[in-house]
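Please read the structure below before turning to the comments.
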Amino acid sequence: MSLEFGLRIAERKEDYSGVHKFGENTALASSPETIWSPGGLYPWASLTSAQTLYVLSTSGSDTGTLEIQGLDANYSPLNETITMTGTSAVTTSNTFIRVFRCIYRGSTNVGVITLRTVSASGTIVAQVDAEQAQTLMAVYTIPAGFLGYLRTWTAGVGKNDDASLDLYLRPFDEVFQIQDQMHVYQSSFTKEFTVPLFLSQKTDIDVRATTTSANSSCSVSFDLILHRI
């Protein structure tokens, strides 16, 4: 991709847009876990239908605004900004079938902010770690009305850490299918696809990993181009 075309995408001067996703799991184990900060596998089964989300923090000081980015019941892009009330749960006005990014604004969040289904003690579907002000989750879903093209993905681990990573895609109404693998040891590696991986609308992306070293920390990022159809 030329620099000029990349700049036009960034400036949204085309029917294309760029998506950069990134996540981290600081305590991998021998069983597969999604690369996202809460750890464990991402709970896709908790979002089989559009849900009202319950948002709260572990600190009463977190009374800023939280922007939630995701998809509605029709898999169309949905953004909502709510004002938090610390440890008391606030519910979203909209219902989300997917959440893939949250951004806290107003100050740096003191506590851990969680978005949950069903209730204030329900299943976590997104999390903003303390003092991070943004989610760390290597998951994404292609919105309805768009085609996705996965261009690159990167994985990295720290000193003495290792990770075996699997890139999973789930086309709509199908099952997760492994599409690529990567193995890293106390290093980082970027894989570029000469021919980008094609993702149809409503396709889910989930990057998972295992380790042979208890509690290895692993970070992952990937870059997509979306094309409006």
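Read-outs: derived from the displayed coordinates by stated rules, not from any lab. This structure is a prediction, so every number in the text was calculated from the model and none was measured. Glycine also receives a Cβ, built like all others from the backbone with ideal geometry; neighbour counts cover every protein chain displayed.
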By per-residue mean of other Cβ atoms within 10 Å, what is the highest-first order of 21-34, 189-202?
21-34, 189-202
Cβ-based net charge around LEU56, under 15 Å, with every Lys or Arg adding one and every Asp or Glu removing one
-1
Straight-distance crosslink candidates among aspartates and glutamates, where the alpha carbon sits under 17 Å from LYS159 and sequence neighbours closer than 8 are dropped:
GLU24
Under a 5 Å amide H to amide H cut-off, with H placed in plane at 1.01 Å, what residues pair with ALA144 once short-range neighbours are removed?
SER76, LYS202
For mean projected area of the Cα convex hull in nm², the listed values are (1) 12.6; (2) 24.9; (3) 14.4; which was obtained by calculation from the structure presented?
(1)
